[in-house]
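The values are calculated or read from the model by the stated rules, or taken from the named source; none is laboratory data. Keep in mind that this is a model prediction, so the values were computed, not measured. Glycine also receives a Cβ, built like all others from the backbone with ideal geometry; neighbour counts cover every protein chain displayed.
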Amino acid sequence: MRKLLVTLAALLVSFASFAAIDVNTASEAELDGIKGIGPALSGRILKAREQGPFKDWADLMQRVKGIQPRSARQLTDAGLTVNGAGYPAR
């Protein structure tokens, strides 16, 4: 029984680490925790967000230098969303 509880706890922690992070509500630390976002990009995201929330991925990519379709797909795969949506697959 104890082994089962430990396994379930480990699964819960691993699923929590893959929780989606929305670009409109994420803190700097949360953004930095996304694979592919470092301090420079998180700073540009936060600065652009001061102008208002991002409407969608197209808005994010237009307002933040350095986010292109390929990197947007990678950021989605790492857990980043815009208003709860991942970058659309094409």
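Can you confirm whether Ala72 is in a helix (DSSP H, G or I), modelled with pLDDT of 95 or more and not hydroxyl-bearing (Ser, Thr, Tyr)?
Yes; evaluated as a whole, the condition is true for this residue.
Determine which single condition Gly52 fails, assuming it passes every other condition in (1) loosely packed, with under 13 Cβ neighbours inside 10 Å; (2) within 16 Å of Ala20 (Cβ to Cβ); (3) without any contact (Cβ under 8 Å) to a residue 24 or more places away in the chain.
With respect to (1) loosely packed, with under 13 Cβ neighbours inside 10 Å; (2) within 16 Å of Ala20 (Cβ to Cβ); (3) without any contact (Cβ under 8 Å) to a residue 24 or more places away in the chain, Gly52 is out only on (2).
Restricting to region 1-34, count the residues that are surrounded by fewer than 11 Cβ atoms within 10 Å (Cβ to Cβ), under 15 Å from the mean Cα position of the chain (by Cα), part of a loop (DSSP other than H, G, I, E, B) and at pLDDT 60 or above.
Residues in region 1-34 being surrounded by fewer than 11 Cβ atoms within 10 Å (Cβ to Cβ), under 15 Å from the mean Cα position of the chain (by Cα), part of a loop (DSSP other than H, G, I, E, B) and at pLDDT 60 or above: 1 in total.
Out of curiosity, is Ile37 without any contact (Cβ under 8 Å) to a residue 24 or more places away in the chain, crowded, with 18+ Cβ neighbours inside 10 Å and in contact with a helix residue (DSSP H, G or I) (Cβ under 8 Å, 6 or more places away or on another chain)?
Against the criterion (without any contact (Cβ under 8 Å) to a residue 24 or more places away in the chain, crowded, with 18+ Cβ neighbours inside 10 Å and in contact with a helix residue (DSSP H, G or I) (Cβ under 8 Å, 6 or more places away or on another chain)), Ile37 does not qualify.
If I filter region 54-63 for residues that are of a type outside the set (A, V, I, L, M, F, W, C), touching a strand residue (DSSP E or B) at 6+ places or on another chain (Cβ under 8 Å) and either at pLDDT below 95 or not in a loop (DSSP other than H, G, I, E, B) (or both), do I get at least one hit?
Yes, some residue in region 54-63 is of a type outside the set (A, V, I, L, M, F, W, C), touching a strand residue (DSSP E or B) at 6+ places or on another chain (Cβ under 8 Å) and either at pLDDT below 95 or not in a loop (DSSP other than H, G, I, E, B) (or both).
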